[in-house]
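Structure first, then comments.
The values are calculated or read from the model by the stated rules, or taken from the named source; none is laboratory data. Just so you know, these numbers come straight off a predicted model, no measurement behind them. Don't worry about glycine lacking a Cβ; one is built from the backbone with ideal geometry, like all the others, and counts go over all protein chains shown. Keep in mind that these areas ignore ligands, DNA and RNA; they rest on the heavy atoms of the full protein, side chains included. Shrake-Rupley method; radii C 1.70, N 1.55, O 1.52, S 1.80 Å.
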Amino acid sequence: MSFLHDHDLIVTDFDRAALNRVGNRLDLMGMRNLAPQLGPTEILGMIASTIGVDRTSERATHNALEFGLLPPLLERLLDFRPEESR
């Protein structure tokens with residue numbers, strides 16, 4: 001949780017309508033199958049919605065890790081690193 005906040009990975013002004021469309025696909029596909037199809041803004045939005053935006057809780061973060069929602073998002077986020085840091 002601290003890592004996500006310390007590295008500015010919590011986006012508070014993302015397009016909620018777009019996130020709802022992603023959420024609908026998540027219900028159909030599961031996070032492991034959906035994450036590779038998402039762009040960086042969608043990934044950050046999903047991370048924020050999964051662990052909370054303003055009131056991130058350790059419990060929500062723990063649950064997101066334990067139930068497998070967060071790892072595919074974090075793995076996909078690494079795909080958007082600048083070439084020189086790979």
State all residues of segment 24-53 that are modelled with pLDDT under 80 and of a type in the set (Asp, Glu); if no residue qualifies, say none. ASP27
Which one of these does THR12 not meet: (1) in a loop (DSSP other than H, G, I, E, B); (2) at pLDDT 85 or above? (2)
If you check every pair at least six apart or on different chains, which have Cβ atoms under 7 Å apart with a residue in segment 36-52 that is part of a loop (DSSP other than H, G, I, E, B) first and a residue that is open to solvent by 20 Å² or more (accessible area, probe 1.4 Å) second? LEU38/ARG76; GLY52/ALA60
Filter result for the condition that a residue is among the small types (Gly, Ala, Ser), open to solvent by less than 40 Å² (accessible area, probe 1.4 Å), assigned to a helix (DSSP H, G or I) and modelled with pLDDT under 80, over ALA64, ALA18: ALA18
Within segment 25-75, count every residue that is of a type in the set (S, T, N, Q) and under 19 Å from SER2 (Cβ atoms). 6
